[in-house]
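*Asks:* Just dropping this structure here.
Read-outs throughout are calculated quantities, based only on the coordinates presented, and are distinct from any laboratory measurement. Predicted model only: the values in this text are computed from it and were never measured. So basically every Cβ, Gly included, is an ideal-geometry build from the backbone, and we count neighbours across all protein chains shown.
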Amino acid sequence: MEAKIRENTMSERMFMFVVYAFLILAGLGCLVPFWIVVIDSFASEKLLNKGYVLFPSEYSMEAYRYLFKSNQIFKSYGVTVTVTLLGTILGVFVTAAFAYVIAHRKAKFGNFLSMMTYLPMVFGSGLVGFYLLIVNWLHMKDTMMVMILPYVMNPFFAFIFVTYFRSLPYEINESATVDGANEWRIFFQIIRPISTPVITTVSLFFSLQYWNDWWLGLLFIDNTNLYPLQILLRQILNSQSFKLFSTGVLIPPAEGLKLAMVCVTIGPIVFAYPFVQKYFVKGLTLGSVKG
Amino acid sequence: MRVLQELIKNKYLYSLAIPGFIFLAVFSYAPLSSHLLAFKSFQLQKGVFGSDWVGFDNFRFFFDNPDWLKITWNTVYLNALFLFFQIAIATLFALFLNEIRAAVFKRLVQSFVFLPYFISWLVVSLMVFGLFNGTNGIANRLFAWFGWEAVDWYQTPWVWPIILTMVSVWKNAGYLSIILLASIVGISGDYYESARIDGATRFQQVTKITLPLLRPVIIVLTLLGIGKIFYGDFGMIYGIIGDNGVLYPTTDVIDTYSYRALRQLGDFSMSSAIVLYQSVMGLLTIVIFNAIVRKIDKDSRLF
């Protein structure tokens, strides 16, 4: 009863007002840039030359028509989708299997493997070694593989898996061993199905990483046929892309094209976002557990 | 021999780690050998191991140029700004979100502020450009509306630490606030119950219960950030600033500098020296800070 009265005091209401005001402003602040990018990608070029607006007065599909006229965008989409799919599948398998060994009670070298994963996070090899490795030793410049392989083994995701695997009851493993299953069977047929939530989460993290990466493309991809979306976007943002679009249009809608390209690039993420958000939240919560 | 015995005994188990082991060895450990180049004059034909030793010449060259101080300062200063404001705003955010009872509103706001985490820095760079470009940026049009003079942002170095901090908060605070909110939800309701009985206001509950109990998580997040304080966010800085030399005095960080040394000058040895310097500084920082934290709060240390 007393508490209820306090809840309605003046200062309490002031506090809640500040809370709501802050949250609404923050929410809008995060949303509005997306709104502007999406709605302005349909604005006419004439309007865009005067700067971005919240509500365009003139609409046009010119930018999208221009973007889809050349097949570069389809090539780049193909590259990014392939890289993301292959990378995610490979990454989840390699990282999970490695983490499973680290987490396993029987593995005496678990700590060694865990140390081995942790060290490069603290003492990096840097750009030069990485560049030489890819270009001079592995000869992977201008290949699809160069955008996939470097990210396959991910220490951060490995530790998410480790935390999860350690939380599973060890009896599962013991009884399966008694029944004569080897560790491969246990991993694939017992652990994998009961790890679906964490696998989903890590898969989504992997996909996001591959989809948004432009570091590897920037360093190692010069062949326009292998341009991922992000690199194509970069070329368009720097207005260096016109040779990629051999169309009859004399004056390309430069500003609209940038916005349209951004929308095409973030489209799948934004559409998937409402459905997958909860898995990311789960992953962050898992990852924040130290261990 | 014991090693071999253990490996053979659990051969099925360890074989699961082979792919990961190979990937780590190739992509994380093999490139470490290039740190040797910091002490060599790299020649492509001779390779990393065959090139001639030059002692500390590369370091002398790097440290003779006052640039090294500038980029070191920028890296540490920008990262410190980002870290402080990201964590401060994210904490505020998590605390505020936790006060909200209306579930729909809460979920909606949370989704909105988490959204920027999902896009690449290139996409962010277009948004920043739309806001701050000199001719028709939204900022300048707002300034004109207030009757203020337009600013040529992309030619004004001193404003960029502020802009970049705002952008980094915009992109990452939502993500951090989710981690923090998860820890808040984990706090037992009993504390609040007894505080209410003693007549604590909601504001007091936040400052006296929630915040102190969040301290370990905040310390861990800060430590993780400090561990990376010598590593500039290449994607962010290069995505937003690019090759705009006018802004280098306040925005050029070790990572963008060594990238240019490698890609534009083709100077492998010098770039290696910079990178080795960076790795050593990063390692020292994490060891020192971990020791300090171990003294203050033993449970929050990283190792």
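*Asks:* Would the protein assembly as shown count as rounded, prolate or oblate if I go by the C-alpha gyration tensor, calling it rounded below 1.5 in a/c and otherwise prolate when a/b exceeds b/c, oblate otherwise?
*Replies:* Rounded, because the longest to shortest axis ratio a/c is under 1.5.
*Asks:* Taking the Cβ of B:VAL109 as the centre, find all other residues whose Cβ is under 14 Å away and add up their charges (Lys, Arg: +1; Asp, Glu: -1).
*Replies:* +2
*Asks:* Per DSSP H run of n ≥ 4, the term is -39500 (n - 2.57); total these for the protein assembly as shown, divide by its residue number, and report the mean residue ellipticity at 222 nm rounded to 500 deg cm²/dmol.
*Replies:* Roughly -21000 deg cm²/dmol at 222 nm, from the helical runs in the protein assembly as shown.
*Asks:* A further question follows. In vacuum, with every alpha carbon of chain B counted as one equal point scatterer, what does the Debye formula give for log10 I(q)/I(0) at q = 0.07, 0.08, 0.12, 0.13 Å⁻¹? Two decimals, please.
*Replies:* -0.41, -0.54, -1.04, -1.14
*Asks:* Here's another thing I want to ask about it. With chain A treated as a Gaussian network of Cα nodes joined by springs under 10 Å, which of A:ASN49, A:ASN212, A:ASN225 yields the largest mean-square fluctuation?
*Replies:* So, out of A:ASN49, A:ASN212, A:ASN225, the one fluctuating most is A:ASN49.
*Asks:* Let me check I've understood the local charge: for A:SER44, count other residues with C-beta under 11 angstrom from its C-beta, Lys and Arg +1, Asp and Glu -1. What total comes out?
*Replies:* -3
*Asks:* Work from the charge dipole of the range B:205-303 (Cβ charges, +1 for Lys and Arg, -1 for Asp and Glu, about the Cα centre) and give the residue of B:TYR248, B:VAL217, B:ALA273 farthest towards its positive end.
*Replies:* B:VAL217
*Asks:* Over chain A, with a Gaussian network built from C-alpha contacts below 10 Å, which listed residue (A:PRO155, A:PRO169, A:PRO56) shows the highest mean-square fluctuation?
*Replies:* Looking only at A:PRO155, A:PRO169, A:PRO56, the largest GNM fluctuation is found for A:PRO169.
*Asks:* Over chain B, what is the mean sequence separation of C-alpha contacts under 8 Å (at least six apart), divided by residue count, expressed as relative contact order in percent?
*Replies:* 26
*Asks:* Determine the principal axes of the Cα atoms in chain A, then give the extent along each, sorted from largest to smallest and rounded to whole angstroms.
*Replies:* In descending order, the Cα extents are 74, 73, 36 Å.
*Asks:* Quick one: net charge of B:GLN5's neighbours, Cβ under 12 Å, K/R +1, D/E -1?
*Replies:* Surrounding charge for B:GLN5 is +3.
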